[in-house]
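These notes are about the structure you will find just below.
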Amino acid sequence: ATKVQMMVSVDNHFFQSIAKIRAIREIAQRVFNELKMNPKLTLISMVNTREWTLYERYNNMLRNTASVAAGLVGGADLIQTLGYM
């Protein structure tokens with residue numbers, strides 16, 4: 001394989017999401033090194049709506065912002081976000 005894509009779910013737990021993204025990237029690189037492969041890894045972070053509420057859209061906007069910021073700081077290559085409604 002020359003290209004590998006991995007998707008990780010991030011939520012509003014900021015530091016845990018950052019650690020999750022960095023750990024996945026580190027573990028994937030170690031596995032690739034053991035297999036003597038050098039594919040291009042694309043890490044996609046997707047915002048999780050598990051803790052969103054139905055009627056408090058401004059709280060959802062803050063949760064969405066925290067999730068996107070965690071993906072950015074964590075080093076994700078692509079960040080897929082959702083609306084806050």
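May I ask you to verify whether Asn33 is open to solvent by 40 Å² or more (accessible area, probe 1.4 Å) and in a helix (DSSP H, G or I)? It is true that Asn33 is open to solvent by 40 Å² or more (accessible area, probe 1.4 Å) and in a helix (DSSP H, G or I).
Limited to region 1-17, what total is found for residues that are under 8 Å from the mean Cα position of the chain (by Cα) and either in a helix (DSSP H, G or I) or buried (at least 18 other Cβ atoms within 10 Å of the Cβ) (or both)?
Within region 1-17, the subset under 8 Å from the mean Cα position of the chain (by Cα) is 7-10, 17.
Still in the list and also either in a helix (DSSP H, G or I) or buried (at least 18 other Cβ atoms within 10 Å of the Cβ) (or both): 8, 10, 17.
Residues in region 1-17 being under 8 Å from the mean Cα position of the chain (by Cα) and either in a helix (DSSP H, G or I) or buried (at least 18 other Cβ atoms within 10 Å of the Cβ) (or both): 3 in total.
When Leu82 is tested against (1) assigned to a helix (DSSP H, G or I); (2) surrounded by 13 or more Cβ atoms within 10 Å (Cβ to Cβ), exactly one condition is not met: (1). The selection criterion, being touching a residue at least 12 places away in the same chain (Cβ under 8 Å), open to solvent by 50 Å² or more (accessible area, probe 1.4 Å) and assigned to a helix (DSSP H, G or I), holds for Arg22.
The residues of region 24-44 that are more than 14 Å from Ala1 (Cα to Cα) and basic (Lys, Arg), listed by number, are Arg25, Arg30. Here is the figure for region 36-79: residues that are in a helix (DSSP H, G or I) and touching a strand residue (DSSP E or B) at 6+ places or on another chain (Cβ under 8 Å) total 7.
Taking every residue in region 52-73 that is closer than 11 Å to Phe14 by Cβ and pairing it with any residue that is aliphatic (A, V, I, L, M) and open to solvent by 50 Å² or more (accessible area, probe 1.4 Å), at least 6 positions away or on another chain, the pairs with Cβ-Cβ distances below 6 Å are Val68/Ile79; Gly71/Ile79. Would you confirm whether or not region 48-69 contains a residue that is under 12 Å from the mean Cα position of the chain (by Cα) and open to solvent by 60 Å² or more (accessible area, probe 1.4 Å)? No: zero hits.
The values are calculated or read from the model by the stated rules, or taken from the named source; none is laboratory data. Treat the numbers as computed from the prediction; the structure is a model and nothing was measured. For neighbour counting, all protein chains shown are included, and Cβ atoms are generated from backbone atoms with ideal geometry for every residue, glycine included. SASA here: full protein model, heavy atoms, side chains in, ligands and nucleic acids out. Shrake-Rupley method; radii C 1.70, N 1.55, O 1.52, S 1.80 Å.
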